[in-house]
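Working notes, beginning with the structure itself.
Bear in mind these aren't lab numbers, they're just calculated from the coordinates by the rules spelled out. Everything numeric in this text was worked out from a predicted model, so none of it was measured. Note: ideal-geometry Cβ built from the backbone for every residue, glycine included; neighbour counts use all protein chains shown.
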Amino acid sequence: MNLRKLRKNRQFSEQIRKKAVEQFRSGKFTAKQLSELYHCSPQTIYRWIYKYSPADSPQINVVDMSKSPGKKLKEQQAKIAELEQALGRKQIQIDFYEKMFELAEEQYDLDVKKTSSSKPSTGSGKTKP
């Protein structure tokens, strides 16, 4: 025996629809609660809200996910990781240069690092003969 469930096609009056929207806007009920109360889908309730809400004050807020705190946090964590890697590379370069200066001083008896006792350069001005 093939039994099919018949869908009930209900028609709600405009007065009932406006009442449901008013209840939603007042904050007494959520769309899900109203859908259970009126035995219809939440999508139907949202269609009513869209149709019967004043255009100057929409009650449905759209959340821009690109600006959500979770996404911002992930972006900032990625930026921190990138900066830490750059800092690590620079520190390796510094250590390399310091080791080069150390070896140059040991092998060639040169003072490679500038000392505060040396005179500053006068630039590319003319010299007296």
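Say R0 is 35 Å: what FRET efficiency, to the nearest 0.05, do LYS99 and SER68 get from their beta-carbon distance?
Approximately 0.15, to the nearest 0.05.
Can you compute the label reach from GLU106? Point 7 Å from Cα along the Cβ direction, backbone N cut-off under 11 Å, restricted to segment 82-99.
99
Label GLU75 and LYS28 with points 7 Å out from Cα along Cα→Cβ: what is the distance between them in nm?
4.2
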